[in-house]
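Data block below; observations after.
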Amino acid sequence: MWPVRKNKQDTIRSADTLAMEARGQGLLDKIRTAPHKEPWGITFLMLAWTAGPVTFITASSAYYIGYGTFPPLDRAIYFLAYALIAGLLGIATKLIYNTTHGHQEKQDEKNLLEVIDCLPELLYMVRDLRLENMGEESRRIESAGIILSKLDLGPAWVTLAIEDLTGDAQLARQAEHIELFRRAGLYNRMQDIIHNIREPAGNAYDELRQTHPRIAEAMRQRLTGRVPSVRQGSPREEMFLERILSAIEQDNENLMTLHDVEELLTLCFELICGRRIRYLKYEYSGDWNLARSMDSLEKERNNYRLARARVNSRLRALATYLNYIEPREDINTAPGLSPRHLLTVTVDAMDSLTRQVTECRRITNNTGKQLMALQIKASQLDKAIDLYERAFNAQQKLSRESRRFSRALKVWQLRSKQYEETSGDQVRRSLKISEQSIALDDDEKIKVARQLAQLLEDNRIRRTSDRSMDHARSSSEKRLTQSRARELAAGIAVILGQSIDLSNPAIQRAIDSTPATSLGAIEPGMSPMIKASVGKAMANAVDVSLAAMAERLAQNLIRYYRVPLTQGTMDFLIDNYQANREKLEFIAEHEAPVSNQQTQLNRAPIEIPAVHKSWQISLYNARRTLELHA
């Protein structure tokens, strides 16, 4: 019988899989063995055993030098007994340690495999759950956007995604040709097609941008022959950590969206795979009063920026909840939408929900029917009003934070001016820029993996959202729901918070401003070893340039701290953080200090009105009706 000849491509793919599994195993070995290195006590006892004879010779020599004679027999016996006992203790301790150490290493490796295998699967399940609660139109657009975010996308996939986004089969076909010519390196031919479809592509982009800005940008990139880069990563959902922590603190899961859960799962996975998020901060070391004023200014500026972002965050949580209870095409929470758009669609949805409650109440009063529907709708309206009030309160808090920031800025400007006049020194000489990082060391990775493995075991979530696999599901496994996903995210946030101060506004801002590791190369069903290898490679590949952050820092030095951007400062930022010289020169020439009066104008781009009386009246009447029919 003739031997079966393997396809060359299959052989290469198999070799690549084995290589990735080997690299993944290397990562696991490095992490799990780091916390179990021999303690100093064990090392000391081993040295005492091996150096016993040396100790005896040294002691005898020292005794001879000090007393001019060798030690007597009883002293010699003492030194020999000491070396023997120390050696026996060292061997016994080593045996005991190796016994417990080996078991712990196996358990740690099991925990790491469990976590690395489970987090991406959970991410896909939460994403699918988020799509499940959308209308068909929104689900089609979001699914196409997810496909376009994948790195190694074939021409057929591009065709499918573009056609789903635009409904234009001809444009989708041209997008496939663009991808084919790009892969072949025929860039001039690719540019011919891009030029021919410029008008329909521009129209499709303008239309999609109104409701899905990020997906529209991804579509435009594909239609101009550009593909996602591993180094660029993917943008994060702004303020996702703030919403998750607020949901935990206020015991209100509706403040957290499923997109926030996705972002937290991604952050946890990339940190375990070795991601290091870098950011810059500056501090003042000099006059005590001036240092205190700067700390106060930095604190109030962080609080002010957090308050501005919280307004949009609360509106997004409200829109997500309203879309969940009744999927509608006009309610959209896609990333990149303005707060004004979110406010408009949420108010319209609240009015619609209020009309539904009123109609259910009318039917119940007239016929006694739809009592259960009235109870459900009234409960939904109650929760929606609560979320709206939180958004309104966030708007009010923003006004208070603006006034505090204005006062802190005024104090800093006054004291810094007085300091320069009295001391003759410049403030900028005492400002220091330092580089900080957010990461987990090997000990922390082991600790986080242990707690996450326990959390996953306690929740017993099934590993797939494919309902066709229900027959293979264990009776003890639970299907992932929105509440379980949010509870899981809360547990993960608490575990990560033990190693990283997630409640720190500076850390939240640093995480939000850096791209997330792209997990598009990880597919459901991959082995844990391959996931570990791909995760580590992707985490290390993300661009860690601090250039943009250094340029923003230079802008803030002028805007808030009245520190001029000198040639020496620009050279420092360029040499150390690769900042763009032209941008720095533009900032130095055109940026002006902000006065404390100007900050009063830097409020949220919208004003959220108080809760509509009609909503509260409808809810009150519904409760009265429910009490009468109880």
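Some notes on this structure:
- Residue list for the range 356-400, restricted to those being open to solvent by 10 Å² or more (accessible area, probe 1.4 Å) and among the aromatic types (Phe, Trp, Tyr): Phe392
- Filter pass, Leu122 being within 23 Å of Ser527 (Cα to Cα), open to solvent by less than 10 Å² (accessible area, probe 1.4 Å) and under 17 Å from the mean Cα position of the chain (by Cα): yes
- Here Arg183, Arg231 are screened, and the one residue that is assigned to a loop (DSSP other than H, G, I, E, B) and either of a type outside the set (D, E, K, R) or open to solvent by 90 Å² or more (accessible area, probe 1.4 Å) (or both) is Arg231.
- Neighbours by Cβ (under 7 Å, 6+ apart or cross-chain): first from the range 50-74, within 20 Å of Ile85 (Cα to Cα); second modelled with pLDDT of 75 or more and open to solvent by 90 Å² or more (accessible area, probe 1.4 Å): Ser60/Phe70
- In the range 213-228, of all residues being surrounded by fewer than 17 Cβ atoms within 10 Å (Cβ to Cβ) and outside any helix (DSSP H, G or I), the one that is nearest to the chain's Cα centre (by Cα) corresponds to Val227.
- Condition check for Ala144: at pLDDT 90 or above, crowded, with 19+ Cβ neighbours inside 10 Å and under 27 Å from the mean Cα position of the chain (by Cα): yes
- Residue match in the range 416-424 (condition: over 23 Å from Met526 (Cβ atoms), at pLDDT below 65 and not in a strand (DSSP E or B)): yes
- Scanning the range 542-577 for residues being polar (S, T, N, Q), over 18 Å from Ser437 (Cα atoms) and either open to solvent by less than 10 Å² (accessible area, probe 1.4 Å) or assigned to a loop (DSSP other than H, G, I, E, B) (or both) gives a total of 1.
- Phe392 vs. criteria in contact with a helix residue (DSSP H, G or I) (Cβ under 6 Å, 6 or more places away or on another chain) and more than 21 Å from Glu237 (Cα to Cα): no
- Put simply, of Asp251, Asp260, Asp192, Asp206 the only residue that is charged (D, E, K, R), at positive phi and either surrounded by fewer than 22 Cβ atoms within 10 Å (Cβ to Cβ) or in contact (Cβ under 8 Å) with a residue 12 or more places away in the chain (or both) is Asp251.
- Taking the criterion of being of a type in the set (D, E, K, R) and at pLDDT 90 or above, the residues of the range 363-393 that qualify are Lys377, Asp382, Lys383, Asp386, Glu389, Arg390.
- Among the residues of the range 263-275, just one is at pLDDT below 90 and surrounded by fewer than 24 Cβ atoms within 10 Å (Cβ to Cβ), namely Gly274.
- Against the list (1) modelled with pLDDT of 85 or more; (2) surrounded by 15 or more Cβ atoms within 10 Å (Cβ to Cβ), the condition Phe586 fails is (2).
- Condition check for Arg189: modelled with pLDDT under 90, basic (Lys, Arg) and touching a helix residue (DSSP H, G or I) at 6+ places or on another chain (Cβ under 6 Å): no
- When the range 446-499 is limited to residues that are farther than 22 Å from Glu253 by Cβ, small (Gly, Ala, Ser) and surrounded by fewer than 16 Cβ atoms within 10 Å (Cβ to Cβ), the one that is modelled with the highest pLDDT turns out to be Ser476.
- Matching residues in the range 299-355 - criterion: being modelled with pLDDT of 80 or more, β-branched (Val, Ile, Thr) and open to solvent by less than 20 Å² (accessible area, probe 1.4 Å): Val311, Val345, Thr346, Thr354
The rows are residues; the columns are (1) open to solvent by 30 Å² or more (accessible area, probe 1.4 Å); (2) of a type in the set (A, V, I, L, M); (3) under 30 Å from Arg305 (Cβ atoms); (4) within 33 Å of the chain's Cα centre (by Cα).
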| position | (1), (2), (3), (4) |
| --- | --- |
| Asp168 | yes, no, no, no |
| Tyr187 | yes, no, no, no |
| Glu199 | yes, no, no, no |
| Thr211 | yes, no, yes, yes |
| Arg236 | no, no, yes, yes |
| Phe240 | no, no, yes, yes |
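The values are calculated or read from the model by the stated rules, or taken from the named source; none is laboratory data. From a predicted model like this one, the values you see are computed outputs, not experimental measurements. Cβ sites come from the backbone with ideal geometry, for glycine too, and all protein chains shown count toward neighbours. Calculation scope for accessible area: heavy atoms of the full protein, side chains included, ligands and nucleic acids excluded. Shrake-Rupley method; radii C 1.70, N 1.55, O 1.52, S 1.80 Å.
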